[in-house]
Amino acid sequence: MKKSNFDIIGTRADGCDEKDKVLGNIVYAEDYSLPDTLYCKVFRSTKPSALIKKLDTSRAAALEGVACVLTHEDVPNNESAKNVVGQTTEVGLLEAKQRILAVDRVRYYGEPLAVVAAESPELAGEALELIEIEYEELPGVFDPIEAMKPEAPKVHGDNNVISNWQLRKGDVEKGFAEADVIVEKEYKTPRQEHAHMEPEAGMAWIDDMGVVNIRYCTQVIEHYRDVAAVLGLPESRVRTIGTIIGGGFGGKEDLTVEVFLALCTWKTRRPVKMAFSREEMGFGRQKRHPYIMRYKTGVTRDGRLTAMQAELISDSGAYVMLSPWVLLYSTVHSTGPYNIPNVKVDAYSVLTNNVMTSAFRGFGGMQAAFAYESQMDAIARELGMDPVELRKKNFYRRGDETANFQKIPSDVLLDEAADKAMEALGPKSPPSDPHRRVGRGLACSWQSYGRMTYLHDTASSWVGLEMDGSAVVRCGIPDLGGGQRESIRAIAAELLGIPLEEVHVISTDSQVTPLAGTVTATRALYMSGNATKLASENVRSSILSKAAEMLDLPVNELDIRNKIVYSTEKSEKKIDLVKVIRRCAAEGISLQSLDTYKAEFSEEIKSNVIKGTVFNDWTFGAQAVEVEVDTGTGQVTLLKHVSVQDVGRAINVKRVEGQMEGGAAQGLGFGMMEDYLEIQGTPLTWNLTEYLVPTSKDIPDSKSIILESHSGKGPFGAKGIGEPAITASAPAVANAIRDAVGIEVPQIPATPERVFWELQAKKDPAQ
Amino acid sequence: MENAVYDVTVYVNDRPVKGRVPAEQTLLDFLRDNNFTEVKKGCDNGDCGACTVILDGIATLSCCTAALQADGRKVYTVKSLGTWDKMHPLQEAFVKHEAVQCGFCTPGFLMTAKALLDSNPHPTREEIREAISGNLCRCTGYVKIVDAIEDAARAIEETSREG
Amino acid sequence: MSDFRFLQPEGLRAVLKAKEDEGAKGLILAGGTNLLSYIKKRRVKSGLLIDITRLDELKNIEEGAEGITLGASLTIQDLIESEVVRRRLPSFFEALKLFGNPLIRAKATLGGNLADASPIADTAPILLAMDASVQVASERGERTVELASFFKGVGETVLKPDEVLTAVTVPACGDSRVKMLKLGLRKGTACSVTSAAVRIKLRDREIEDVRIALGGVAPTPVRAYTVEKALLGKPCTGEEIENQAQLLRKDISPITDVRGSAEYRKEVSVNLLSRALLTAAGMEV
């Protein structure tokens, strides 16, 4: 493909929907309305573990203005049959059935028991209060380590351990014997809440062709299959129309409102609408898995890692959901981006009666990063070695083999990233008063992009030229606000040689746009970008063939820019794109293409010892932070932040920076203040008053440094940035705190209270 | 169950909007029920700022205001700020600086920023950060929002000097 | 199906009449940040909403030689913008900037913050340290209540069902120095884990008079009488202050909640108090 340099790719072009966003024109999921709509609300359990002795909805159903009250009896197939979110092929080993409405038992506070549809949201709320329920409380289990014991109450079936993954490479005993220093520590990470600004919401109706339409904010339009399975309908009779999403981060990946909406519209035959309240988003929606991680790392005196042994335990909450996968990610990523010859990891995910845990940006990679980067700094301190130098002695290089025996397929620019991150912090800030200490921390990360290879991931995209040289791209990929549509617009515009503003991307409609899979797993650019690239190249190829004929020139001499097909050798030889299009139309040559991109496929995983290719590739990066610690209160202030990421190729520079800054802020929240708290399975953090996310005063001016190795598998050598942006933030903060005041930070978030007690322990070790 | 309702007229973006509302209905619900869906409900508890409008010149949480408290008063939403053909410098700056990702928090931020620049035309970055600290954003990390507001302030000043 | 009614009163008299008629069911609606939230959460299920935000008579700022009187309906932002407050109560002015965030400050009122009687009401500690009193009105008449006697328990005050808080009076501080510090879990909007406010008057490098108030360490904002007594007459040195601040543990009864443990509050409030005293006394912290 003859493209010497790019006009659009790699620039800071404006996005396709930003103008509408600032004008207030976007119709988000809750902004849409239809005449004659009913409003739905979910009736949820207020006990974490109980039998349902009585559930009487008759008074609620009798309330004037209530159209229906549904329980499990009204659900044709109450257990969602799908194994895997958004998956198109069959997979084994990772069953994750989800129950729509509880039957005879509730297993977590907030479990849905019934759904109401009424003439107004207020009436729906009143109806909820009229539902009568009697619980018989059952013993519950709220700690995953307790839950692993044979005598623990069982959440489902007869074993609370629902997933176990292992890494076995080399011989760790031998490795530890070779080590001069061994560092052994335990780490804990919190339950993090997505806290996207837009609540889960949407509408459903049955259209005039008898199709159930669900218009809502989702990261997975393929959920129409789940809805069809639950309702007992053919998949072709359910359509999902994804809206522009007001933030997802994995929180809109599992089933949210769609099944409730579909059930209510199916029952009442009227349009229905619902939105979760912020409190409901707390206790009723899944969180990031909290982990307990026990790490033992061996290293030689000159800084070479010899062995790593770890045990990871994650709290799966009351239902399996995506826990086994998250655990798999954590296991593979548990070594960090370091070449360690001897590795032994055992990871477990355990059911409890706590809030559900499932997908969240990072998907298990962040928890591991907190552990492995904390270990690296602990080792550096033991050895008296510079933390950057230690890491450089151990970073992977392209072609190295990981602990799951796959070769790193792309360039690893971690040396450069680590150096640039620390350098960009600039001169060290002096403390602002005698109580405070300033410290700096670095963390390096690896985070996969693209789904696990045994899932046989594909994405499709359709590109077509209009008669006037503008173009339409149809692609199912949902837009989270990270620029998913923008990237494919840029790719099509670049390859078709037309202005960015003349490409329109229509996306996220399961019956109109070719399915491109989920917007998760940092796969959107990689998969839908590559699919769009294929389709654009095919259309381009048709144009160039015809133009070559019309100009009587060899095809490989031609290029297209600004709607002119021209010879790269003889500048006077050119033709308007529109003329070529018209000729194609006259000759019946189609200027559209539907293409499917396939990621690397690997064998289905059959053993819980992970061996062989699991991921397509990784994004490598580093973050550095400068903090100030108040030794009298434990408060930590972020003074400076830098993120350096190798994104392969930046399709849109502004977007990449935006991901780096936004991901870092979310990661810094994870490290410093975010903790979704429950006690005995009952919520303590109810809403955004108690669950603290960073505000503008908490995040300093962040520097984003983009590296481009061009070695990724995405379009034009791109990798992915969505998740990698968040992975290293929290360990960077923890390392900075350790540097400032020399305390252990075994647990995040590093709240003022935790830091305070560590400071006291350091002053008086006898305490 | 008294079910009292009251007449209310709120001047939204310079248009009278009439309704009959219960005492406890929030200004946010009143606006959204009257199709001003650009005003967002993020938390309905005063914690996130997505519902921010300008009421009598002050950036105001509409979820913490009863609709009847706005009776006879002027409320401005983001749709009063600019149009497709002529955006407000704040809107242009937000686009230029990529201060918008998912866009859900954006209308609230723009109203807070507008009220800020109306009362303090030359805010420092620290003053900007303070002024927007009641508006939460989960996507951007705030840096580009601060950049955009700073740039808009400069652009407004340049225009007024030229004018 | 609403269980609420609404009143837009013509003046304070109409408010008092409504409170006389409704008693506790007469719900004063000022900033709305608390009341509307309680209604949405079904903590308050019925009543008459009485909007006081348009009553100029509750927004007066009166300045006299003896002190300042602040109308209860003034928002925190109104107070911050007041030239009188900035000039006469500069430490109060600084403390108000710690309150919530700008959107909250534009709505929350002085009277609302006090009447809501949260243990972490952020205007309370500094007003307690300044010996403020509140003006209370009903159809039966008016009375003045020392702020130190105003709070009874979590969410409870001495206000009778027919009474309305109309103003707060802050005596002139003379040459006392005042300081308030607040500890939150993030730099942005944060409910206080604990807060400390002090007023200290020095004579010949001795502590002639001192007032100390804490928030977040008891069911109500409280005065630290033990520490106050211990400091009276003592030399104003860093060592003395830090020693006597340790006595704070006798004056407080913090709990463990979502924001922190009782032990942490106990320890950190001592540190915060020391700092507030040292800063107020103009010493190196």
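Quick look at the values:
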read-out: Hits in the stretch C:260-273 - residues which are at the interface with another protein chain (Cβ under 8 Å from one of its Cβ atoms) and either surrounded by 24 or more Cβ atoms within 10 Å (Cβ to Cβ) or not charged (D, E, K, R) (or both); value: C:GLY260, C:SER261, C:TYR264, C:VAL268, C:ASN271, C:LEU272
read-out: Boolean, B:VAL95 is open to solvent by less than 30 Å² (accessible area, probe 1.4 Å), assigned by TED's automatic domain parsing to the domain that holds B:ALA131, at pLDDT 95 or above and at negative phi; value: yes
read-out: Subset tally (residues that are of a type outside the set (A, V, I, L, M) and under 15 Å from C:ARG140 (Cβ atoms)) for the stretch C:1-21; value: 5
read-out: Tally of residues being assigned to a strand (DSSP E or B) and among the charged types (D, E, K, R) across the stretch C:183-222; value: 7
read-out: Members of the stretch A:739-763 found to be closer than 14 Å to A:ALA371 by Cβ, more than 14 Å from chain C (Cβ to nearest Cβ) and either in a helix (DSSP H, G or I) or open to solvent by less than 20 Å² (accessible area, probe 1.4 Å) (or both), listed by number; value: A:VAL745
read-out: Residue under evaluation B:GLU92, criteria (1) closer than 28 Å to A:THR689 by Cα; (2) touching a residue at least 60 places away in the same chain (Cβ under 8 Å), criterion not met; value: (1)
read-out: Enumeration of residues in the stretch C:182-216 that are closer than 24 Å to C:CYS236 by Cα and open to solvent by 40 Å² or more (accessible area, probe 1.4 Å); value: C:LYS182, C:LYS201, C:LEU202, C:ARG203, C:ASP204, C:ARG205, C:GLU206, C:GLU208, C:ASP209, C:ARG211
read-out: Filtered residues of the stretch B:115-145 (kept if surrounded by fewer than 23 Cβ atoms within 10 Å (Cβ to Cβ) and either in a helix (DSSP H, G or I) or within 12 Å of chain A (Cβ to nearest Cβ) (or both)); value: B:LEU116, B:LEU117, B:ASP118, B:SER119, B:ARG125, B:GLU126, B:GLU127, B:GLU130
read-out: Residue check for B:VAL75: within 30 Å of C:LYS41 (Cβ to Cβ), modelled with pLDDT of 95 or more and β-branched (Val, Ile, Thr); value: yes
read-out: Some residue of the stretch A:466-485 being among the basic types (Lys, Arg) and touching a strand residue (DSSP E or B) at 6+ places or on another chain (Cβ under 8 Å); value: yes
read-out: Cross-chain or 6+ apart pairs with Cβ under 7 Å, the stretch A:499-525 first and within 27 Å of A:THR453 (Cα to Cα), then among the hydroxyl-bearing types (Ser, Thr, Tyr) and in a loop (DSSP other than H, G, I, E, B); value: A:SER507/A:THR513
read-out: Test: residue in the stretch C:227-235 that is among the aliphatic types (A, V, I, L, M), in contact (Cβ under 8 Å) with a residue 60 or more places away in the chain and surrounded by 23 or more Cβ atoms within 10 Å (Cβ to Cβ); value: no
read-out: Residue check, A:GLY712 under 22 Å from A:GLU416 (Cβ atoms), touching a Ser or Thr at 6+ places or on another chain (Cβ under 7 Å), within 12 Å of another protein chain (Cβ to nearest Cβ) and part of a loop (DSSP other than H, G, I, E, B); value: no
read-out: Residue within the stretch B:9-21 that is touching a Ser or Thr at 6+ places or on another chain (Cβ under 8 Å) and at the interface with another protein chain (Cβ under 10 Å from one of its Cβ atoms) present; value: no
read-out: Residue within the stretch A:443-451 that is at negative phi and in a loop (DSSP other than H, G, I, E, B) present; value: yes
read-out: Total residues in the stretch A:572-618, condition farther than 30 Å from A:VAL343 by Cα and not in a helix (DSSP H, G or I); value: 17
read-out: Given (1) over 30 Å from A:VAL66 (Cβ atoms); (2) more than 9 Å from chain B (Cβ to nearest Cβ), index of the condition C:TYR38 fails; value: (1)
read-out: Count of residues meeting criterion [within 9 Å of chain A (Cβ to nearest Cβ) and part of a loop (DSSP other than H, G, I, E, B)] in the stretch B:84-112; value: 12
read-out: Hits in the stretch A:330-341 (condition: in contact with a Phe, Trp or Tyr (Cβ under 8 Å, 6 or more places away or on another chain) and either more than 30 Å from A:GLN98 (Cα to Cα) or not hydroxyl-bearing (Ser, Thr, Tyr) (or both)); value: A:VAL332, A:HIS333, A:THR335, A:GLY336, A:PRO337, A:TYR338, A:ASN339
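For every residue, the table says whether it meets (1) at pLDDT 95 or above; (2) away from chain B (no Cβ under 13 Å); (3) surrounded by fewer than 21 Cβ atoms within 10 Å (Cβ to Cβ).
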position: A:ARG12; (1), (2), (3): no, no, yes
position: A:LEU38; (1), (2), (3): yes, yes, no
position: A:LYS54; (1), (2), (3): yes, yes, yes
position: A:LEU63; (1), (2), (3): yes, no, yes
position: A:ALA67; (1), (2), (3): yes, yes, no
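Matching residues to (1) open to solvent by less than 10 Å² (accessible area, probe 1.4 Å); (2) more than 26 Å from the chain's Cα centre (by Cα); (3) at positive phi:
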position	(1), (2), (3)
A:MET209	no, yes, no
A:ALA228	yes, no, no
A:GLY250	yes, no, yes
A:VAL257	yes, no, no
A:GLY284	yes, no, no
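Residues are listed down the side, and each one gets a yes or a no for (1) touching a residue at least 12 places away in the same chain (Cβ under 8 Å); (2) assigned to a loop (DSSP other than H, G, I, E, B); (3) within 14 Å of chain B (Cβ to nearest Cβ); (4) surrounded by fewer than 24 Cβ atoms within 10 Å (Cβ to Cβ):
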| residue | (1), (2), (3), (4) |
| --- | --- |
| C:THR69 | yes, no, no, yes |
| C:VAL84 | yes, no, no, yes |
| C:ARG87 | no, no, no, yes |
| C:SER91 | yes, no, no, yes |
| C:GLU94 | yes, no, yes, yes |
| C:LEU114 | yes, no, no, no |
| C:ASP122 | yes, yes, no, no |
| C:PRO125 | yes, no, no, no |
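The values are calculated or read from the model by the stated rules, or taken from the named source; none is laboratory data. From a predicted model like this one, the values you see are computed outputs, not experimental measurements. Note: ideal-geometry Cβ built from the backbone for every residue, glycine included; neighbour counts use all protein chains shown. Heavy atoms of the whole protein, side chains included, go into the accessibility calculation; ligands, DNA and RNA do not. Shrake-Rupley method; radii C 1.70, N 1.55, O 1.52, S 1.80 Å.
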